[in-house]
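The values are calculated or read from the model by the stated rules, or taken from the named source; none is laboratory data. It should be emphasised that the depicted structure is a prediction, and the values quoted were computed from it without experimental measurement. Heads up, the Cβs are rebuilt from the backbone with ideal geometry, glycines too, and the neighbour counts pull from every protein chain shown.
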Amino acid sequence: MTFRIGDWVFSPKRLILWHSNMPQDEVLTLVEKIDEISGLQKAKETLFSYDWRQVLINPFQINRIGICVAKNCNLRCRYCSECSTEGMGEEIPNEHILSYVSDLMIKKVANSLITGDNSPVKVIFTGGGEPTYDFEKFSQLVVSIEELANRNNMPLYLDITTNGAYDLKRIDFICQHFQSIMVSYDGMPSIQNYNRPSPYYALTSPMVESSIKRILDNGVPLIIRSTIAASDVGKMKEMADFLFGKFGINYKWSIFPVTPKGRARNFRGNVNDSPDFFSEFFSMKEYAQKKYGDVQISSPLFFSNENDFYCGSLGFLTRVAWLRATGEIVTCLEMDKDQTVIGTLTGNQVVYKDICEDPLVKITQEKFHECENCIAFPFCRGGCPADHRANRIAGEMNVSWACQQTIKYCQYFLEKIVSGEQGLGWKLSEIPLEVNYSKPVYRLVKEET
């Protein structure tokens, strides 16, 4: 399967482009002589070598320790995938969480002796609720994890995703102890206050804005995450003006379309009636770059790599484990049901499975068959399996909307590249062939960073 990009022809299977006046079959035959197995074929062979019902688990390869045990929350976000409130039950005691962290730290030390990987162990706090809700419990756990890492002579990297809607005492503690922070803030006050209300505060935007400013003043790497509903897609330029006008540009801004899970199952509404996310996003991005300079704006819908697999949470690949409030240890938090459970924490006893069922592998295999002839497939590899599951439950319209956005992006950046534009993270590399044509044959390759 090939696709026309202006005067050029693109083969997704091999990531090559040639001019449309060149003999296609001859070009492909010559390329195959020097590139017998494409990256896409290698990924396919790897993926289908696994039976999703019996995926082997290796906890020694895990180097990111996820903690998602907070169920309570001070906000009532309209699209919360966990439907978090308060009074949602007892949480796991800190001493039991420390058993889980200690076990994975020991496994990482053992693995580093074999592999020579001495990178810091990354501990990530996020929530079905707000990680800092019980601040005394949270702060004690953070300090205990730091002490545990010191005793094991292990470099530590702490990361947190938080709603930022609280007093500066908590933010000061986070700035002192964490190496990276993601704050959820929906672009500008009117949207933030509507989408992220609280039973305790008339408005949530002033507190979150104070938190963002305090983090930036402390120089801690920051990501501002904005979750966008269909009704707000056309307001992204206003959001850019507010954020970059108020906070400057020394942070990353990540824009997430609403996923139909939890309270958001019907939140997106009819996406076909909303402004086009792709067009609005890139129009806003170009506008912000011209007005504010080197701004860092991204969306998980729009890939930046050629991936073997979109999802790093597939059981045979996973480098991260997440402890949930149920005591289950899973590979992915985005699956609201049918999660891949690789172990359990019962009391202070941690037990990992040797083999488990992995629904993420099953969905990825299904998407491979469904999507492998798509122009975008070498890059998205079928997209996020958890999002696909949620979109399928929500309806076919949600599935097609997400794919349409990805395909539009792929066509957009290919058109940019063949016209000679740079800066999209890709470049053309000429392929030396046995036959000299009037124009080169190119391979699409990722630019070195």
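Quick grid of which residues meet (1) surrounded by 12 or more Cβ atoms within 10 Å (Cβ to Cβ); (2) β-branched (Val, Ile, Thr):
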| position | (1), (2) |
| --- | --- |
| MET105 | yes, no |
| VAL109 | yes, yes |
| ASN118 | no, no |
| VAL142 | yes, yes |
| THR161 | yes, yes |
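Give the range 183-223 a look and list any residue that's under 20 Å from SER81 (Cα atoms), at pLDDT below 95 and aromatic (Phe, Trp, Tyr), or say none.
Result: TYR194, single match.
Can you give me the number of residues within the range 319-338 that are more than 17 Å from the chain's Cα centre (by Cα) and either buried (at least 19 other Cβ atoms within 10 Å of the Cβ) or in the same structural domain as SER81 (by TED's automatic domain parsing) (or both)?
4
Any chance the range 39-60 includes a residue that's surrounded by fewer than 20 Cβ atoms within 10 Å (Cβ to Cβ) and among the β-branched types (Val, Ile, Thr)?
Checked against the condition, which is being surrounded by fewer than 20 Cβ atoms within 10 Å (Cβ to Cβ) and among the β-branched types (Val, Ile, Thr), the range 39-60 yields at least one hit.
Name the helices (runs of 4 or more DSSP H) wholly within the range 349-449 that hold at least 2 residues that are among the small types (Gly, Ala, Ser) and modelled with pLDDT of 80 or more?
Of the helices (runs of 4 or more DSSP H) lying wholly inside the range 349-449, none has at least 2 residues that are among the small types (Gly, Ala, Ser) and modelled with pLDDT of 80 or more.
Considering only the range 418-440, how many residues are in contact (Cβ under 8 Å) with a residue 60 or more places away in the chain and within 20 Å of CYS374 (Cα to Cα)?
Of the residues in the range 418-440, 1 are in contact (Cβ under 8 Å) with a residue 60 or more places away in the chain and within 20 Å of CYS374 (Cα to Cα).
Can you tell me which residue within the range 1-38, out of those that are small (Gly, Ala, Ser) and in contact with a Lys or Arg (Cβ under 8 Å, 6 or more places away or on another chain), is surrounded by the most Cβ atoms within 10 Å (Cβ to Cβ)?
The first filter runs over the range 1-38 and keeps only residues small (Gly, Ala, Ser), leaving 6, 11, 20, 38.
Next cut, in contact with a Lys or Arg (Cβ under 8 Å, 6 or more places away or on another chain) only: 20, 38.
Numbers: SER20: 13, SER38: 18.
This residue is SER38.
Here's a check for you: in the range 283-310, which residue that is buried (at least 19 other Cβ atoms within 10 Å of the Cβ) and aromatic (Phe, Trp, Tyr) is modelled with the highest pLDDT?
The qualifying residue modelled with the highest pLDDT is PHE302.
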